[in-house]
Structure formats: C-alpha cells, structure tokens
Amino acid sequence: MKVLIQKVSQASVTVEQQCVAQINEGLLLLVGIGHEDTQEDIDYLVRKISQMRIFEDEQGVMNLSVLDKKADVLCVSQFTLMASTKKGNRPSYSQAARPEIALPLFDTFVDQMAQTIGKPVPKGVFGAFMEVALTNSGPVTIWVDSKQLV
C-alpha cells in the first residue's frame, strides 16, 4: 500500500461538478492499493500516518501529529500510485489491486483512520473521475509505502 500524504490548509474532491468531500486544515491522503496488500498494511499505515509529527508546534517546529492537532483527514483512492515506469513511456498498473479487492481495503483504511483520529474521514468516490483541489501547507508532501518498512 502506498500513501502520498499532503499537509493542507484545505482540500476538496469534486465529481461531476458536485463537491463530494472537503476538509480544512489537515491531511490529504492519496491511497494506492496493491494486489498483495492486507489488513497488516492498513494497520501499519494508519498508525504511522496518524502519529507522524508534521504539524508545527508553538515554536514553529514540526512536532505535532494529526491527532495532536485534532486536524481533518481526507482520503482519495488513487490506483496510479501503483504505476511502474521502468519500461517504455506508458506506465504499467499491473501492481494495482482490482476494484473488488481495492475497494474493501480502501473503505477499511478510511474507517480505521476515522476510528483512530476520532472523527469522520471524508473520501472521494472510488473509481470515479475526480477533481482534487488542495492548498498544500508548507509545502509538506511525504511518501509512505507499507512494503518499505525502513
């Protein structure tokens, strides 16, 4: 499982000119799910992301987590994070999980994140063409891969 974390001052998802999800200060999580991902990957990533200290404290030092800040989280499923660009000019998505596997894992990830942070986690529409708008704060953008536990 791969997650691209973006600290935002605001973010929203629009589908067919309708805003389906939005947050203020918090984290926008773009979530890529591979066909070998399991509950273990979800557990690791939810714990890691919810405790990651990337929000500034009173001294301006990134020392606070989304839990400490009581900030929002918005999740968007994005199979293109699983792209392989090693050969040719057209990315291969063969490592991305099929929708029948990815959707339940994505929903579990979102539900577990909501339980962990103690508030609802809005999400994009799985499989839809989405327009994601955000204001990256910092900018802070961090890549986390559950298969690279280093």
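The values are calculated or read from the model by the stated rules, or taken from the named source; none is laboratory data. Note that the coordinates shown come from a computational prediction; the quantities given were computed from them, not determined experimentally. Note that each Cβ is placed from the backbone with ideal geometry, even for glycine, and that neighbours are counted across all protein chains shown. To get the accessible areas, we keep the full protein, side chains included, count just its heavy atoms, and leave off ligands, DNA and RNA. Shrake-Rupley method; radii C 1.70, N 1.55, O 1.52, S 1.80 Å.
Cα extents for segment 41-113 along the principal axes, largest to smallest and rounded to whole angstrom: 48, 28, 18.
For Ala97, the residues whose modelled amide H falls within less than 5 Å of its own, excluding neighbours fewer than 5 places apart on the same chain, are Ile33, Gly34, His35. Roughly what angle does helix 39-51 make with the longest principal axis of the chain, taking Cα atoms, 0 to 90 degrees, to the nearest 10? The angle comes out at about 30 degrees. Ignoring ligands, DNA and RNA, what percent of the 1.4 Å accessible area of the chain is carbon and sulfur? Carbon with sulfur: 49 percent of the solvent-accessible area.
About its Cα centre, how strong a charge dipole does segment 67-131 have in debye, to the nearest 20, once Lys and Arg get +1 and Asp and Glu get -1 at the Cβ?
Dipole about the Cα centre, nearest 20: 320 debye.
Straight-line cross-link reach from Lys147 at under 18 Å between alpha-carbon atoms covers these aspartates and glutamates, not counting any fewer than eight positions away in the same chain: Glu36, Asp37, Glu40, Asp41, Asp43.
Between the exposed loop cleavage positions of the chain, defined as trypsin sites (Lys or Arg not before Pro) in a non-H, G, I, E, B DSSP state with at most 15 neighbouring beta-carbon atoms within 10 angstrom, the longest gap is 88-146. Exactly which GluC sites (Glu not before Pro) in segment 1-58 are in a DSSP loop and have at most 10 other Cβ atoms within 10 Å? In loop regions of segment 1-58 (DSSP not H, G, I, E or B), the sparsely surrounded GluC sites (Glu not before Pro) are Glu16, Glu58. Summarising the amide proton neighbourhood of Gln10: residues at separation of 5 or more, or on other chains, whose placed amide H is nearer than 5 Å comprise Thr135. In the set (1) 14.4, 47; (2) 15.1, 48; (3) 17.3, 57, which value of Rg and Dmax of the Cα atoms in Å was calculated from the structure you see? Here the calculated entry is (2).
Taken per residue, the accessible surface of segment 69-141 reaches 62 Å², heavy atoms only and a 1.4 Å probe. Summed over qualifying helices (DSSP H, 4 residues or more, each -39500 (n - 2.57)) and divided by its residue number, the chain shows a 222 nm mean residue ellipticity of -7500 deg cm²/dmol.
Backbone amide hydrogens, once placed in the peptide plane, bring Gly124 within less than 5 Å of Cys75, Val76, Ser77, excluding anything fewer than 5 places away on its chain.
Treating only the Cβ of Lys, Arg, Asp and Glu as charged (+1, +1, -1, -1), what charge dipole size does the chain show about its Cα centre? Round to the nearest 20 debye.
Computed charge dipole of the chain: roughly 420 debye.
Solvent exposure of Leu67, expressed as accessible area, is near 60 Å², computed with a probe of 1.4 Å over the protein chains only. Axis of helix 99-117 versus longest Cα principal axis of the chain: the two differ by about 10°, to the nearest ten degrees.
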